[in-house]
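One structure is given here, and the rest of the page talks about it.
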Amino acid sequence: MSAALLHAKGVSISFGGLKALHDVHLELRPNEVVGVIGPNGAGKTTLFNAICGLVTPDSGTFEFGGKERGWPKTSELVDLGISRTLQGVGLFPELTVLENVMIGAQKLAKTGLISAALGSNKHDEEILRDKAMRALDRVYAGTLANRRADTLAYPDTKRVAIARALVSEPKILMLDEPAGGLGPQDIEWMNNLIRNLTATMSVLI
């Protein structure tokens, strides 16, 4: 069995007097799908936020690639190979689908996140555009590239959000409630996509 790619041990987080997480352990191996299961309010998003540097645990250790290190900062996620979608999708409604996905490749945008996505540097724009189109094709949304995000049906916004997370070529893709609000047919599509993604990455749900 391969060594864990990500291992969080003994994670506890409190907000004031509310204990959101207590002694939680999470292990994710290469090319594996792991689901964090629990009712609303159980702390699933809080655990995701800890891994992504949005909250700092009160206790617990974090290992990545077999080595213990401090909890990641948000600025370190791309270099570590961690990418995440949000429950609320988080697309920019006034931008096209392609521009939204290009923003996911900020590591390559030497002139800045928004300016590169909008093409102020032609070399960066070409790199971003190519990576974004490949990510859209991977989620079968290439035909939506030139649509404005605010014209999309809800299931299509889910596809675009995943494509935006994929464009940075992560080792770990974190999907926060990816099937939320979807009908049976779209849930089946999502399940198949997640299984296919494990050929090149690990998926945490």
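The values are calculated or read from the model by the stated rules, or taken from the named source; none is laboratory data. Worth saying up front: this structure is predicted, and the values here are computed from it rather than measured. Note that we place each Cβ from the backbone using ideal geometry, even for glycine, and neighbour counts take in every protein chain shown.
Can you tell me which of (1) at pLDDT 85 or above; (2) more than 23 Å from S2 (Cβ to Cβ); (3) under 17 Å from the mean Cα position of the chain (by Cα) is the one G70 doesn't meet?
Failed condition: (3).
Can you spot a residue in segment 170-181 that is in a helix (DSSP H, G or I) and either surrounded by 18 or more Cβ atoms within 10 Å (Cβ to Cβ) or at positive phi (or both)?
Of the residues in segment 170-181, the ones in a helix (DSSP H, G or I) are none.
For segment 170-181, residues in a helix (DSSP H, G or I) and either surrounded by 18 or more Cβ atoms within 10 Å (Cβ to Cβ) or at positive phi (or both): absent.
Which of the residues belonging to segment 10-23 are closer than 24 Å to S75 by Cβ, surrounded by 14 or more Cβ atoms within 10 Å (Cβ to Cβ) and either among the aromatic types (F, W, Y) or touching a Leu at 6+ places or on another chain (Cβ under 8 Å) (or both)?
Residues of segment 10-23 that are closer than 24 Å to S75 by Cβ, as a first pass: 11, 13, 15, 20-21.
Of the ones still in play, those that are also surrounded by 14 or more Cβ atoms within 10 Å (Cβ to Cβ) are 11, 13, 20-21.
Those that are closer than 24 Å to S75 by Cβ, surrounded by 14 or more Cβ atoms within 10 Å (Cβ to Cβ) and either among the aromatic types (F, W, Y) or touching a Leu at 6+ places or on another chain (Cβ under 8 Å) (or both): V11, I13, L21.
Let's see how each residue does on (1) within 19 Å of G180 (Cβ to Cβ); (2) touching a residue at least 40 places away in the same chain (Cβ under 8 Å); (3) among the basic types (K, R):
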| site | (1), (2), (3) |
| --- | --- |
| V33 | yes, yes, no |
| G41 | yes, no, no |
| A50 | no, yes, no |
| P57 | no, yes, no |
| E63 | no, yes, no |
| G66 | no, yes, no |
| K73 | no, no, yes |
| I82 | no, yes, no |
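Would you mention how many residues in segment 122-169 are assigned to a helix (DSSP H, G or I) and surrounded by 15 or more Cβ atoms within 10 Å (Cβ to Cβ)?
Filtering segment 122-169 for residues assigned to a helix (DSSP H, G or I) gives 122-138, 142-144, 149-151, 154-166.
Checking which are surrounded by 15 or more Cβ atoms within 10 Å (Cβ to Cβ) leaves us with 124-125, 127-129, 131-136, 138, 142, 144, 149, 155-166.
Count: 27.
Within segment 35-56, can you find the residues that are surrounded by fewer than 18 Cβ atoms within 10 Å (Cβ to Cβ), in contact with a helix residue (DSSP H, G or I) (Cβ under 9 Å, 6 or more places away or on another chain) and of a type outside the set (S, T, N, Q)?
Result: V36, I37, G38, G53, L54.
Tell me yes or no: at least one residue of segment 167-180 is out of contact with any Phe, Trp or Tyr (no Cβ under 9 Å at 6 or more places or on another chain) and without any contact (Cβ under 8 Å) to a residue 24 or more places away in the chain.
Yes, there is a match, as at least one residue in segment 167-180 is out of contact with any Phe, Trp or Tyr (no Cβ under 9 Å at 6 or more places or on another chain) and without any contact (Cβ under 8 Å) to a residue 24 or more places away in the chain.
Given the options A132, A165, A117, name the one that is at pLDDT below 95, touching a Lys or Arg at 6+ places or on another chain (Cβ under 7 Å) and of a type in the set (A, V, I, L, M, F, W, C).
Working: A132 fails: touching a Lys or Arg at 6+ places or on another chain (Cβ under 7 Å); A117 fails: touching a Lys or Arg at 6+ places or on another chain (Cβ under 7 Å).
Exactly one residue qualifies, and that residue is A165.
Only one residue in A179, A153, A105 is aliphatic (A, V, I, L, M) and either at pLDDT 95 or above or out of contact with any helix residue (DSSP H, G or I) (no Cβ under 6 Å at 6 or more places or on another chain) (or both). Which one?
Numbers: A179 fails: either at pLDDT 95 or above or out of contact with any helix residue (DSSP H, G or I) (no Cβ under 6 Å at 6 or more places or on another chain) (or both); A105 fails: either at pLDDT 95 or above or out of contact with any helix residue (DSSP H, G or I) (no Cβ under 6 Å at 6 or more places or on another chain) (or both).
Result of the check over A179, A153, A105: A153.
With the condition being farther than 20 Å from I205 by Cβ, I'd like the strands (runs of 3 or more DSSP E) fully within segment 1-109 carrying at least 2 qualifying residues.
Working: elements: 6-15, 18-28, 59-64, 67-69, 82-85.
So the answer is 6-15, 18-28, 59-64, 67-69.
Suppose we filter segment 26-45 for residues that are at pLDDT 95 or above and farther than 12 Å from L175 by Cα; how many remain?
Number satisfying all stated conditions: 7.
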